Amino acid sequence: MYPLLESIDSPADLRTLERAQLPALARELRAFLLRAVAQTGGHLSSNLGTVELTIALHYVFATPEDRIVWDVGHQTYAHKVLTGRREAMARLRQSEGPSGFPRRSESPYDTFGTAHSSTSISAALGMATAARLMGEDRHVVAVIGDGAMSAGMAFEAMNNVQAENLTVILNDNEMSISEPVGALNNYLARILSGRLYNTVRKGGKEVLARLPPPVHDLARRWEEHTKGMLLPGTLFEEFGFNYIGPIDGHDLDVLVPTLANVRDLAGPQLLHVITKKGYGYPPAEADPILYHGVGKFDPAVGIVAKPPARPAYTQVFGDWLCDMAARDDRVVGITPAMREGSGLVRFSREFPQRYFDVGIAEQHAVTFAAGLACEGMRPVVAIYSTFLQRAYDQVIHDVVLQNLPVVFAIDRAGIVGADGATHIGAYDLTYLRCLPNTTVMAPADENECRQMLYTACTLDTPAAVRYPRGTGPGVAVEAQMRALPVGRGEVRRTAARRAQRVAILAFGPMLHPALAAADELDATVANMRFVKPLDVELVLRLSREHDALVTVEENVVAGGAGSGVAEALAAAGVAVPVLHLGLPDRVVDHGDPAVLLARVGLDAAGIAAAVRARFGARPGQPWAKPAA
């Protein structure tokens with residue numbers, strides 16, 4: 001089916017092709033990606049848009065000796081196919097299969113792990129500087145999307161580039177600026193990347209440097225303004241880059257010679273490339289957002305939207321925010337470029353004046369919320385657990401220390417499945433629990449999620465509600481909103497035996513496997529609800545009535561909710577055996593969430609087995625009394 005593509009096991013094979021063969025290769029590669037992603041699920045639109053660019057990069061640069069850093073990494077499927085992982089794509093984002101993002105341990109062509117945005121220029125600058133310091137002659141290229149370019153870190157890196165030999169490729173797939181692509185812009189790009197222009201440019205600068213300052217400044221400004229009238233590169237020129245483009249990112253006859261010219265230039269270069277998300281597959285071109293992250297589907301039919309059997313936590317949040325905003329004019333919603341993923345589509349339409357998408361700028365999102373809270377507004381920051389990590393200093397310095405009523409709606413808490421280690425929400429309980437003034441809640445079901453979000457919005461202090469990806473257990477969501485008593489849990493099951501009992505303290509969705517395990521073990525189960533403030537009274541009561549306690553959370557054990565229980569017991573001088581169950585102190589890889597939870601012992605069978613292993617009981621027999 002793919003005669004050219006199947007002849008390529010590495011970029012070295014690619015570079016043996018004639019340039020005239022590359023368009024045919026691009027067609028085969030695009031068809032292969034469409035078929036592969038339709039069978040496994042994954043990021044589709046972004047990868048269809050980078051096929052030609054990926055081919056051109058590996059055709060022109062001597063990878064892996066030349067370094068390519070991708071940003072954001074969800075646009076690298078074509079890169080994976082061309083670098084020896086074509087057959088492995090049948091297991092993309094599955095256990096033991098390739099990651100959906102670049103990964104250094106997976107391939108020497110994956111020069112830097114990138115799954116959070118805006119890191120490529122910093123990393124590539126470090127590589128270019130290291131090459132210079134070690135006397136090694138290699139090219140370093142950072143490929144960054146226009147969305148990733150919106151984050152401050154990208155500009156911090158550009159401000160630091162100075163004279164390193166670094167090429168930045170701005171992969172711009174914003175539909176509104178596709179019109180400038182055409183013959184004139186392609187011609188200008190060829191001229192601006194050519195040796196003649198750059199020789200004249202360099203010589204002109206040397207001549208201007210000898211002129212008196214007023215004349216030199218006038219000539220320099222004339223050059224900048226003349227170029228700025230035709231090209232949008234003045235900003236990058238001010239950072240010290242030689243701006244080239246924009247060019248058509250799907251025209252290999254333009255891409256290859258332009259990249260070859262840029263490769264031979266000294267100093268920082270920025271090539272502006274225009275691509276189209278979903279390119280070559282009409283349904284994805286028409287709706288690149290729908291086809292951004294897909295499950296399995298039939299390419300001949302396209303994605304057929306089916307309403308979920310029960311609402312996902314994300315939808316519960318989105319519906320709550322709309323209901324809350326209708327009741328309180330002070331409520332605003334903030335997202336760092338995750339409107340769809342965070343469930344804010346409906347809110348953005350019904351309350352456009354109170355909806356703020358700040359772009360990929362998590363730090364700004366948090367401090368912007370703090371500023372709103374200072375003036376009496378009720379900001380709600382909708383953010384993934386793994387992305388909130390990027391704004392931790394702002395959470396502490398700008399929200400917590402000033403005790404401002406910002407609500408953090410933390411999605412994707414715990415294991416996320418196919419997106420893997422870079423997107424797992426494994427640490428938020430640990431990094432939030434240590435902060436003063438902060439209330440941290442973990443709902444066990446959909447209705448608790450809604451009521452906890454409302455509770456958070458009634459507080460005059462920082463508050464966080466963390467909930468998992470996907471659907472809950474199917475608990476009906478009440479329309480009425482009521483504030484829960486802060487710092488109070490509830491006992492959901494009481495052990496039948498009165499002697500040598502074990503109590504399981506479950507946090508968040510771990511309540512349900514804990515209840516299933518308790519039926520087998522005849523254990524007491526508490527739905528703790530609040531990680532901070534912890535229900536210390538309940539903890540102490542259960543410690544008096546039971547011979548051992550077990551804490552269960554979908555967060556790393558180190559410093560998590562279980563640690564809070566141990567601290568409370570120690571402070572009260574209570575010595576009772578405690579078993580802490582949670583995510584392990586190692587990277588949890590990508591795969592099916594249910595399989596991953598079972599693998600780390602957080603399903604019902606795993607919880608029961610861990611309790612038996614720790615306390616020495618066997619099914620049907622009484623517990624052996626644990627040593628204190």
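The values are calculated or read from the model by the stated rules, or taken from the named source; none is laboratory data. Everything numeric in this text was worked out from a predicted model, so none of it was measured. So basically every Cβ, Gly included, is an ideal-geometry build from the backbone, and we count neighbours across all protein chains shown. Accessible surface is based on the protein model in full, side chains and every heavy atom, while ligands, DNA and RNA are left aside. Shrake-Rupley method; radii C 1.70, N 1.55, O 1.52, S 1.80 Å.
May I ask you to compute the full-extension gain from GLU96 to THR16, defined as 0.36 nm times their residue separation minus their alpha-carbon distance, rounded to one decimal in nm?
Working it through step by step, the gained length comes to 25.7 nm.
Taking all protein chains in place and a 1.4 Å probe, what share, in percent, of the accessible surface of the chain do carbon and sulfur account for?
Answer for the chain is 55 percent, counting heavy atoms of protein chains only.
Hey, what's the per residue convex hull volume over the C-alpha atoms of the range 255-410, in cubic angstrom?
175
Between THR461 and GLN353, how many nm apart are label points set 7 Å from Cα along the C-beta direction?
Here the modelled spin labels are 3.4 nm apart.
Please report, in debye to the nearest 20, how large the charge dipole of the range 1-153 is about its Cα centre when each Lys and Arg carries +1 at its beta carbon and each Asp and Glu carries -1 there.
Its charge dipole is roughly 260 debye.
Select from ILE334, LEU602, ALA518 the residue farthest towards the positive end of the dipole of the chain; place +1 on Cβ of Lys and Arg, -1 on Cβ of Asp and Glu, and compute about the Cα centre.
The listed residue farthest towards the positive side: ALA518.
So if I place +1 on the C-beta of Lys and Arg and -1 on the C-beta of Asp and Glu, and nothing else carries charge, what would the dipole magnitude of the range 323-460 be about its Cα centre? I want it in debye, nearest 20.
It works out to roughly 100 debye.
What is the dipole size for the chain, taken about its Cα centre, with +1 at each Lys and Arg Cβ and -1 at each Asp and Glu Cβ, in debye to the nearest 20?
The calculation lands at about 1060 debye.
Give the shape of the range 412-565 as rounded, prolate or oblate, defined through the alpha-carbon gyration tensor: a ≥ b ≥ c are the square roots of its eigenvalues, a/c under 1.5 means rounded, and otherwise the shape is prolate if a/b is larger than b/c and oblate if not.
It is rounded, given that a/c, with a ≥ b ≥ c, falls under 1.5.
Within the chain, count lysine pairs with alpha carbon atoms under 22 angstrom apart where the residues are 8 or more positions apart or belong to different chains.
Final tally of qualifying lysine pairs is 7.
Seen from all sides and averaged, what is the projected area of the convex hull of the Cα atoms in the range 9-119, in nm²?
With the hull built on Cα positions only, its mean projection is 6.4 nm².
222 nm [θ] for the chain, helices only, -39500 (n - 2.57) per DSSP H run of 4+, per residue, to 500?
After summing the helix terms and dividing by residue count, I get -11000 deg cm²/dmol.
Pulled fully out, how much extra length does the chain show between GLN402 and GLU6, if you take 0.36 nm times their separation in residues and subtract their Cα-Cα distance?
Here the segment from GLN402 to GLU6 would lengthen by 136.6 nm.
When a/c is below 1.5 the answer is rounded, else prolate if a/b is larger than b/c, else oblate, so apply that to the range 233-276 with a ≥ b ≥ c taken from the square roots of the Cα gyration tensor eigenvalues.
Note, shape of the range 233-276 comes out oblate.
For ASP323 and ALA309, calculate 0.36 nm times their separation in residues minus their Cα-Cα distance, and state this gained length in nm to one decimal.
Computed gain between ASP323 and ALA309 is 2.8 nm.
Could you sort 375-388, 91-104, 18-31, 293-306 so that the peptide with the highest average Cβ count within 10 Å comes first and the rest follow in order?
375-388, 91-104, 18-31, 293-306
Per residue, what volume in Å³ does the convex hull of the Cα atoms of the range 315-381 enclose?
68
Does anyone have the angle between helix 183-193 and the longest principal axis of the chain? Alpha-carbon axes, 0 to 90°, nearest 10?
Tilt relative to the chain: about 90 degrees.
Going by a ≥ b ≥ c, the root eigenvalues of the Cα gyration tensor, does the range 70-110 fall in the rounded group (a/c under 1.5), the prolate group (a/b larger than b/c) or the oblate group?
rounded
When only alpha-carbon atoms count, how far does the range 472-628 stretch along each of its three principal axes, as whole angstroms with the largest first?
43, 37, 29
Using a 1.4 angstrom probe, figure out how much accessible area the range 259-360 has per residue, in square angstrom, rounded to the nearest whole.
47
Tell me the Rg and the Dmax, in Å, that the Cα atoms of the range 304-352 produce.
11.4, 38
Among DSSP beta bridges lying fully in the chain, give the percent that are antiparallel, nearest 5.
Percentage antiparallel, nearest 5: 15.
Any idea which of GLY100, TRP70, VAL143 is furthest toward the positive side of the dipole for the chain, if Lys and Arg beta-carbons carry +1 and Asp and Glu beta-carbons -1?
GLY100
Can you work out the FRET efficiency for the pair ARG35 and ARG482, with r the C-beta to C-beta distance and R0 = 60 Å, to the nearest 0.05?
Once rounded, the FRET efficiency stands at 0.75.
Sorted by mean Cβ packing within 10 Å, highest first, what order do the peptides 261-268, 52-59 take?
Peptide ranking by packing, descending: 52-59, 261-268.
Using the Kirkwood formula on the Cα atoms of the chain, what hydrodynamic radius do you get, in angstrom to one decimal?
It is 26.8 Å.
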